[in-house]
Amino acid sequence: MNEWINIFLSPYHNKSWGNIILELIAVILSIFSVIFAQKNNIWLYPIGIFSTVIYSYLTFIFSLYGDFIINIYYTGMGFYGWYLWTYKKDKKNQKIPITYSNLKDYFYTALFLLSTCILSITVYFFNGKLKNYSDWMDVLTTGIFFSGMYQMAMKKVENWIFWLVGNLISIPIYFFKGLILTGFLFIFLAVLSIIGYVLWNKKAY
């Protein structure tokens, strides 16, 4: 039992209590953001933005510059989604309903995936990364998550599939980076992604 506790705590030996608490807050905010997303509640965006701002700070001070830029990007996408959910209307001047993706949606999603992967590769390359397996998995998950963020902003059911795949891939990555709390967060988020898909599938047109 003590051995497992040591494995869990060892990455935090050189971190201040302040940063550990910040990571814990970011984890909790991320969970609440997904829960609000499941409920089709716009509060997912302000809460999610607070979470990504905290992660931006943590990744910067730990010299994870690729992750830092990616979290800044996440924050920007959060504001974009917040705007769409607040102001964008359909032809009947009603808030956008939950729907399924069509070919046009998949095309733009593919563009998001490709462009984000290219951006991530560029960021990691200029920071001397892309030297191991986890860096390439980071590139892939970033593209997947941004595709999911785009689809969520457009209220597409399939966004939850992207989140599920990205969460499952991210679990070992964050354990490897020493962000243990975040690793456990992604396990929980994977479960929430399945629940989110089921709930949105029932509400979709």
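For Thr75, the stated conditions do not hold, so it cannot be described as among the β-branched types (Val, Ile, Thr) and either at pLDDT below 85 or loosely packed, with under 15 Cβ neighbours inside 10 Å (or both). Of all the residues in region 170-183, those that are over 17 Å from Asn19 (Cβ atoms) and surrounded by fewer than 17 Cβ atoms within 10 Å (Cβ to Cβ) number 2. Residues of region 169-192 that are more than 14 Å from Val27 (Cα to Cα) and either among the β-branched types (Val, Ile, Thr) or at pLDDT 95 or above (or both): Ile169, Ile173, Val191. Pairing each residue of region 21-42 that is more than 15 Å from Tyr55 (Cβ to Cβ) with any residue that is at pLDDT below 90, provided the two are 6+ apart or on different chains, yields C-beta distances under 7 Å for Asn40/Lys203; Ile42/Trp85; Ile42/Thr86. When Ile144, Ile161, Ile118, Ile171 are checked against the criterion of being without any contact (Cβ under 8 Å) to a residue 12 or more places away in the chain and β-branched (Val, Ile, Thr), a single residue qualifies: Ile118. The numbered conditions (1) modelled with pLDDT of 90 or more; (2) within 21 Å of Tyr45 (Cβ to Cβ); (3) not β-branched (Val, Ile, Thr) are all true for Lys202 except (2).
The lone criterion from (1) more than 24 Å from Thr182 (Cα to Cα); (2) modelled with pLDDT under 90; (3) out of contact with any helix residue (DSSP H, G or I) (no Cβ under 8 Å at 6 or more places or on another chain); (4) surrounded by 14 or more Cβ atoms within 10 Å (Cβ to Cβ) left unmet by Asn93 is number (4).
Given the structure, is Ser147 touching a strand residue (DSSP E or B) at 6+ places or on another chain (Cβ under 6 Å), under 26 Å from Ile194 (Cβ atoms) and either surrounded by fewer than 12 Cβ atoms within 10 Å (Cβ to Cβ) or modelled with pLDDT of 90 or more (or both)? No: the conditions fail for Ser147.
The values are calculated or read from the model by the stated rules, or taken from the named source; none is laboratory data. Quantities reported herein were computed from a predicted structural model and do not represent experimental measurements. We place every Cβ from the backbone using ideal geometry, glycine too, and count neighbours over all the protein chains shown.
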